Every structure is written in C-alpha cells, then in structure tokens.
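A.B. asks: Starting off with a structure, shown below.
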Amino acid sequence: MKILELKRHLNKPDETYLCELYKRGDNYVVLKYVNEKPGRVGSITFDIGSTTYAYYRNDGGYVLWEMRGPTGRLKGYLFHICKDQRVKADRVEYVDLLLDLWIDTRGRLTVLDRDEVEVCAAKGAIGAEDLAWIEVQEHKITKNAEKIILDFERLKGI
C-alpha cells in the first residue's frame, strides 16, 4: 500500500513523497522509501537504492528516519524536529521546523541546519513558541536518543 508524505516547510515549497506502508499502529505508521536518485544529509551521501524507514506519530515532536545504504548497511538516524504531525489513512503530514539531528552508527550526534532556524527566526518565519518547541524537542532527543532508537527498532520489528 502506498502512503503520501507531505512535508510542509517554513522557508521553501512543500515536498511530497510516495512511500510504501511498512507498518501501521493506532496512532503511528512506519513508511519505507527507496531513493530513486542520490541524496545527502549533512556530509553523508546516499546512493540510488538507499532505503529510509520513517516513523510518524500523531502529535509527535519529530520524525525519525533510519537510513540504510543500497546494500542494507545502516548509515545512521535522522531526527527531523517538527510540529502538527498527523497520521491519516492515506498520508502523513507535518510542518518541518528545520532543525535536524543526525546520529551516526557510532552514536555520535550532529546538529544540522541551526543556521536555517536562525535565519527564519530573524525574518519572522519562526516565532518564539516554535523556537521553544525546537529547544524542548532537541533536549528530549539528545537526552533519550539511544532509547528512542531502540524503541523504534522494536516497533519496526528488527
């Protein structure tokens, strides 16, 4: 079954992706997406055939992506801090709040796109409430990343 991902942005046009439903629960879904073109997260590149497993839940403060290369080898995890996350029968949607956290296979955490948050805040595209939300989510993720990832792996069925 195919599910649409709708990623709303504060600083650029919205994006949509057609993903495969991997698993569904009462208030969450796990979607699978296979790259049809090369991609990049920070300094990490992803070749065609790389696979992302993405975890979405109603009212969640982040979307968690498990990212694997074309051979299935784990490359890392990406947390997209967001708001207004909704899981519907045929799609998932959320507002991307720009800040991402990358955790590599050694458990090292890298914060991505803080500069974009600052630019949007200076332009008024992000308000004080969203900045506070980002800070709370970043703290939750950095403090609990290992547990969040283990819980996701169990949920996913690995």
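A.B. asks: So which of Lys23/Lys140; Lys75/Lys143; Lys88/Lys143; Lys2/Lys88; Lys7/Lys88; Lys2/Lys143 end up more than 23 Å apart by C-alpha?
C.D. replies: Values: Lys23/Lys140 25 Å; Lys75/Lys143 21 Å; Lys88/Lys143 29 Å; Lys2/Lys88 12 Å; Lys7/Lys88 14 Å; Lys2/Lys143 34 Å.
Flagged as over cut-off: Lys23/Lys140; Lys88/Lys143; Lys2/Lys143.
A.B. asks: Note the full-extension length gain between Leu131 and Ala89 as 0.36 nm times their separation in residues minus their Cα-Cα distance, in nm to one decimal.
C.D. replies: 12.1 nm
A.B. asks: Turning to a different aspect of this structure: Quick one: divide the alpha-carbon radius of gyration of the chain by 2.2 N^0.38 Å and tell me what you get. Kindly include the intermediate steps, with their values, before the conclusion.
C.D. replies: Details: Rg = 15.0 Å, N = 158, 2.2 N^0.38 = 15.1 Å.
Compactness ratio reported: 0.99.
A.B. asks: Nearest 10 degrees, 0 to 90: what angle lies between the long axis of helix 114-123 and the longest principal axis of the chain (Cα atoms)?
C.D. replies: Approximately 40 degrees, to the nearest 10.
A.B. asks: Let me ask another. In debye, nearest 20, what is the charge dipole magnitude of the chain about its Cα centre with +1 on Lys and Arg Cβ and -1 on Asp and Glu Cβ, if you could check?
C.D. replies: 580
A.B. asks: By how many degrees, 0 to 90 and rounded to 10, does the Cα axis of helix 128-156 deviate from the longest principal axis of the chain?
C.D. replies: 10
We did not get these values from a lab; they are worked out from the coordinates using the rules stated. The shown structure was predicted, so the numbers you read here are calculated from the model rather than taken from an experiment. Using ideal geometry, Cβ is built from the backbone for each residue, glycine included, and neighbour counts are taken over all protein chains shown.
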